[in-house]
Amino acid sequence: MMDIVTFGETMIRLSPPDHLRLEQTSSLTLSVGGAELNVAAGVARLGLNSAYVSRLPSNPLGRMIANTGRGFNINMSNILWAEGERVGVYFVEFGADPRPTRVYYDRKDSAFAHIQPGMVDWKSIFQEARLFHVGGITPALSVSAHDAQKEAMIAAQEAGCLVSYDINYRASLWTVDEARKIQRPLMEHVDILITSLPDQPGTSELLSGFNGNDPAEVARRVAGMFGFKTVLATMRKSLSAQRATITSLAYADGNLYTDRCYEVETIDPIGGGDANVAGFLTGYLEGDIQKAVRLGNAFSVLQQTAPTDLPWSTRAEVDALIAEGGSSMRR
């Protein structure tokens, strides 16, 4: 039995060291990251089984991504390999107040963007899967990537598999109006919706068509409009380039589940939302939504205290943070 299957693009990440700007650095630190791979890795770190489906170039960079997934004990057996194609790349330039951290993408015409419906045997993959996780980045990459994701969501639904969907809006990929037009029809295949609130101006309108500053009310209204089983709203507020507050809430079956707000020193904020998703989905599949909210918040907080997108905290560390609520030296 596979607990969670994820589907999406993973890229090569390049970052200048020591807060250097891209145009002044002479070296770059290389790592791997992508929303859905990050979620699969987080689920595996927390003790569940995960599988990742994607399309990668048959070259050293593609193999690096696959090997990274295997290192997290993710099932990578359903990767599609593409000859003569490229992997997407993104650059992270870390800021210091008042200069913000910036992300620059070079992902056009990647191997994953060329994925087509019919390439993946979803029926076989979902035979023994409990939950399928996707997000709003994939349909923004290409028409064929959108169609392939829709095919997968329908197949998961037909197999009796829960479907979770992280809106994960990227202004660099499309406008709010474009995102709403393309994503609203997908919502009939979604059981668990994940969003960030409040977010950039207008993105709280992405599905609901209204702008709301109260995350609990937005979650209630969106759940009612689309019939979602559960809505998770993550909330991150930057206090400076290196500090932020993090919390989330979930709405399910008429009940609201909340947690305390953490303040965190952010060594690397990239991937923090994916860690929250991984923690929440783990707790959700373990049958406790309140625990799911707490797991997501604590896992997200810990993930942002170490470099790279991928989560390295253990379940014991997450449980300890939930129980103790603070940091201290451990010997």
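Please treat every number below as a calculation from the coordinates, not as lab data. Everything numeric here is computed off the predicted structure, so don't read it as measured data. We place every Cβ from the backbone using ideal geometry, glycine too, and count neighbours over all the protein chains shown.
Model label points for Ala306 and Lys123, set 7 angstrom from Cα along the Cα-to-Cβ axis, are 4.2 nm apart. Only beta bridges with both residues in the chain are counted; by DSSP, about 50 percent of them are antiparallel.
The Glu324 and Gln24 beta-carbon pair, evaluated with R₀ = 45 Å, returns a calculated FRET efficiency of approximately 0.60.
The Cα center of region 270-287 and the Cα center of region 84-99 differ in position by 24 Å. Taking a point 7 Å out from the Cα of Tyr104 in the direction of its Cβ, the residues of region 252-269 whose backbone N falls within less than 20 Å of it are 269. Extension gain for Val176-Glu188 works out to 2.4 nm (0.36 nm per residue, less the C-alpha to C-alpha distance).
Computed over the chain with a Gaussian network model linking Cα atoms closer than 10 Å, the most mobile of Met187, Met11, Met119 is Met119.
For region 218-270, a crude dipole built from +1 on the beta carbon of Lys and Arg and -1 on the beta carbon of Asp and Glu, taken about the Cα centre, is about 240 debye to the nearest 20. Ratio of Rg to Rh for region 14-58: 1.16 [Cα atoms; Kirkwood radius as inverse mean 1/r over pairs]. In the distance distribution for the chain, Cα-Cα pairs more than 25 Å apart total 48 percent. Residue by residue, region 271-276 carries 3J(HN,Hα) couplings of x, x, x, 5, 5, 4 Hz when phi is fed to the Karplus relation 6.51 cos²θ - 1.76 cosθ + 1.60 (θ = phi - 60°); x denotes Gly or Pro. Gain on full extension, evaluated as 0.36 nm per residue between Thr245 and Phe226 minus their Cα-Cα distance, stands at 3.9 nm.
Placing a label point 7 Å from the Cα of Ala316 along the Cα-to-Cβ line, the residues of region 285-309 whose backbone N sits under 18 Å from it are 299, 302-303.
Taking only Cα atoms and a 10 Å spring cutoff, compute GNM fluctuations for the chain and point out the largest among Leu162, Leu239, Leu141. Evaluated over the chain, the most mobile residue of the options is Leu239.
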